[in-house]
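I have placed the structure first, in the form of structure tokens, so that the comments after it can refer back to it.
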Amino acid sequence: MSEISLVEVSKSFGAVKVIDNLSLSIEEGELMVFLGPSGSGKSTLLRMIAGLETIDDGKLLIGGEPSHDLAPGQRNVAMVFQNYALYPHMSVRENMEFGLKNIGLPKLEIEKRVMNAARILEMDGLLDRRPSQLSGGQRQRVAIGRAIVKQPAAFLFDEPLSNLDAALRVRTRVELSELHQKVKSTMIYVTHDQTEAMTLGDRIVILNDCKIEQIGTPMEVYNTPRTKFVAGFIGSPAMNFFKFELRQTKNGREAHLIDGTTIPINLEIDGDDIYELGIRPESVSVSQAPADCSGVVKVVERLGDRTLLYSELNDGSQIVAQDSGISDIRVGQNLNFRLDQERIHIFDKNGNNVLNK
């Protein structure tokens, strides 16, 4: 049993509250990602599970057993840190063996575990090298291998790819996904990189301001964000936001933007308050006529498979639209834009998505 549960846990550093009355369950065999900006508490939460930070209030259950008062070595979890933390004077084999020797495992069992980890990580030919003879990606694999040989109930990853270059991060990310499929263990992965979160996680926990904003599968948090924070944090480029007043006209309901632009709103929302309309760039297309709004192109980003158009509306607000990869649109053009009504989000004054409560 390797499920992990946090029940109403809190953590403060002096007068600064870092985690506030948070509850969360991670299923056995699940790869859960903690995602959030710097200072959101994601690494602290991971360290609380590992036993490297104390829990001020609440409970931690690992495999159904209370674990918040156990020493780190008694929790049956293995942590992989941002820095590789390898012993430079030891070979790869010796680095992986070290922890097992300390707990007195038989030599044959140690060798079996090391060779199994080397096979899983395709490091058979690296066992006699020292860390200085390895690339960054290979060192990270050794750090992961050192965790695998412990055969823990759960693996804890604290931003393990942040020291790698872009191309190596992509390759190692794929390797981590394959590793999870092979070992089928519970894994918790901390990152501030939404691409890592979206591609690795079975579910994502989005943290902000000491609390959980939303938990869901990658596509749930992308397509149905519960708050404006989640909507703006997930997605690249970020979601477009426009303040508007909802009005009832003879032609139906309309969103009146600050500059006077009107956009038909075929959605059921109540009240006369000022709302914010949110829509992702891929749901904003260039239109000949009719159009929902218009603007002047300020920046064109050509990404090969698609073209991003950063434009300015009459009131100076920005809108990002997506066109085809072979788009011939240039800076300075006046464009009309059509918003996909099926992909609009509406946020109230508290930042809550009134359509995805």
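The values are calculated or read from the model by the stated rules, or taken from the named source; none is laboratory data. Everything numeric in this text was worked out from a predicted model, so none of it was measured. As a convention, Cβ positions derive from the backbone with ideal geometry for all residues, glycine included, and neighbour counts pool all protein chains shown.
Observations on the structure shown:
- Every condition in (1) under 27 Å from Ala78 (Cβ atoms); (2) modelled with pLDDT of 95 or more; (3) crowded, with 17+ Cβ neighbours inside 10 Å is met by Asp202 except one, and the failing one is (3).
- Taken over the stretch 13-23, residues that are surrounded by fewer than 18 Cβ atoms within 10 Å (Cβ to Cβ) and either modelled with pLDDT under 95 or not assigned by TED's automatic domain parsing to the domain that holds Asp202 (or both) amount to 7.
- Subset of the stretch 82-114 that is crowded, with 16+ Cβ neighbours inside 10 Å and among the hydrophobic types (A, V, I, L, M, F, W, C) - its residue that is farthest from the chain's Cα centre (by Cα): Leu105
- In this entry, Val296 is excluded by the filter for residues that are surrounded by 14 or more Cβ atoms within 10 Å (Cβ to Cβ) and either part of a strand (DSSP E or B) or of a type in the set (D, E, K, R) (or both).
- Residue, nearest to Val286 (Cα to Cα), within the stretch 312-357, restricted to residues that are of a type in the set (Gly, Ala, Ser) and exposed (fewer than 15 other Cβ atoms within 10 Å of the Cβ): Ser324
- In the stretch 175-197, residue nearest to Ala238 (Cα to Cα) [restricted to those that are among the polar types (S, T, N, Q) and crowded, with 16+ Cβ neighbours inside 10 Å]: Gln194
- Residue match in the stretch 252-262 (condition: modelled with pLDDT of 85 or more and assigned to a loop (DSSP other than H, G, I, E, B)): no
- Meets criteria (touching a strand residue (DSSP E or B) at 6+ places or on another chain (Cβ under 7 Å), among the aliphatic types (A, V, I, L, M) and modelled with pLDDT of 90 or more) for Ala71: no
- Looking across the stretch 25-34, the residues that are surrounded by fewer than 17 Cβ atoms within 10 Å (Cβ to Cβ) and either of a type in the set (Asp, Glu) or within 17 Å of His68 (Cβ to Cβ) (or both) come down to Ser25, Glu27, Glu28.
- Every residue from the stretch 12-27 that is out of contact with any strand residue (DSSP E or B) (no Cβ under 6 Å at 6 or more places or on another chain) and not small (Gly, Ala, Ser): Phe13, Val16, Lys17, Glu27
- Just one of the listed residues (Gly63, Gly39, Gly51) is under 29 Å from Pro218 (Cα atoms), free of Cβ contacts under 8 Å to residues at least 24 places away in the same chain and surrounded by 12 or more Cβ atoms within 10 Å (Cβ to Cβ), and it is Gly39.
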